[in-house]
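Colleague: There's a structure below that I have some questions on.
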Amino acid sequence: MTRATLLTITVPTGEPTTGDPGFALADYDAAQVRITDLGITRGDGVFETIAVIDGHPQALGPHLMRLAHSAELLDLPVPAEHVWHEAVLAGVADYQSRNGAGGELFAKLIYTRGVEGTGRPSGWIFVDQGEDFTQQRLGLKVVTLDRGLRHDVAETSPWLLAGAKSLSYAVNRAAQREAARRGADDVIFISSDGYALEGPTSNVIVLADGVIRTPQTDQGILAGTTQAAVFAFFAERGYPTEYRHITAEELAAADALWLVSSVRQAGPITHLDGREYPVDAALTADLNRYLLSRTH
């Protein structure tokens, strides 16, 4: 039986004292979080989930940059990048020393405003076995759902925190349950004024007229670390790549579609709102091999 690794971030911001790494291994089965932590009572915090393939945390630097960006949007203190970086590596090493090397793992980083009234942020990381996404990498049935916000909400209403990877994930989980009720595997959100956005836990990749596109991140979309690697893969194969506003009609008219994320990697869409889409199985397999082979 595998046992997850848990680390508490003892110095989530600023500089540790001499000889203090700023983190410590903790007992995964013991109580660690105060029930008055604002991450628990208010969802007031941010997180990142990093794929770990054969001991290599993928895109660790970009994930930590995104953690810092999400923290900035929530007016949280700047996380100590070097502490979180070393804690991830230590967590992966500890997990592998007890459970064996290799395979697909994930490291989840959580950073909250901390216990109410203390003014001190909380942080922790856990490393565990990744979910088996074999079937999702072969094909996904997807539905579109109205997000209920305009595509420019990040500019007009920044207090809604569009584009922050916050702990307030109840809406995303509700959307995924709605997809299941409709006989689908996942969701693509559409803005109230008709633009394709993102999935609850993924970015959208569109192939149309020989061009690889993804919706622009100025629409309150979380910038995707895996999406950036997907663009690199296609650019190496001669495909033009582009960030742009994509209407719901353009999405429906695509030649091929994928949902991509850090732990699932790339899942080709076989059906969108009941319409069938072709899947280039060989291309998708090459794409996933590329994504899984990344060592940084």
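The values are calculated or read from the model by the stated rules, or taken from the named source; none is laboratory data. Quick caveat: nothing in here was measured; it's all calculated off a predicted structure. Glycine also receives a Cβ, built like all others from the backbone with ideal geometry; neighbour counts cover every protein chain displayed.
Colleague: Condition first: out of contact with any Pro (no Cβ under 8 Å at 6 or more places or on another chain), farther than 26 Å from GLY119 by Cβ and at pLDDT 95 or above. Now tell me which residues in the stretch 26-51 satisfy that.
Modeller: The answer is THR49, and nothing else.
Colleague: Considering only the stretch 21-38, state which residues are in contact (Cβ under 8 Å) with a residue 24 or more places away in the chain and either part of a loop (DSSP other than H, G, I, E, B) or exposed (fewer than 14 other Cβ atoms within 10 Å of the Cβ) (or both).
Modeller: The answer is PRO21, GLY22, LEU25, TYR28, GLN32, VAL33, ARG34, THR36.
Colleague: Sticking with this structure for a sec: Can you tell me which residue is nearest to GLU250 (Cα to Cα) among those in the stretch 260-276 that are crowded, with 19+ Cβ neighbours inside 10 Å and not hydrophobic (A, V, I, L, M, F, W, C)?
Modeller: Per the criteria, the residue is PRO268.
Colleague: Just to be sure, is GLU198 within 17 Å of ALA162 (Cβ to Cβ), in the same structural domain as ALA170 (by TED's automatic domain parsing) and not in a helix (DSSP H, G or I)?
Modeller: yes
Colleague: For residues in the stretch 82-135 being modelled with pLDDT of 95 or more and of a type in the set (Gly, Ala, Ser), which is farthest from LEU25 (Cα to Cα)?
Modeller: GLY114
Colleague: Still on this structure, please answer the following. Taking the stretch 201-215 as the region of interest, how many residues are of a type outside the set (Ser, Thr, Tyr), over 17 Å from THR270 (Cβ atoms) and within 20 Å of the chain's Cα centre (by Cα)?
Modeller: Selection size over the stretch 201-215: 3.
Colleague: Does the stretch 1-20 hold any residues that are in contact with a Lys or Arg (Cβ under 9 Å, 6 or more places away or on another chain), surrounded by 15 or more Cβ atoms within 10 Å (Cβ to Cβ) and not polar (S, T, N, Q), and which are they?
Modeller: Of everything in the stretch 1-20, just one residue is in contact with a Lys or Arg (Cβ under 9 Å, 6 or more places away or on another chain), surrounded by 15 or more Cβ atoms within 10 Å (Cβ to Cβ) and not polar (S, T, N, Q), namely PRO12.
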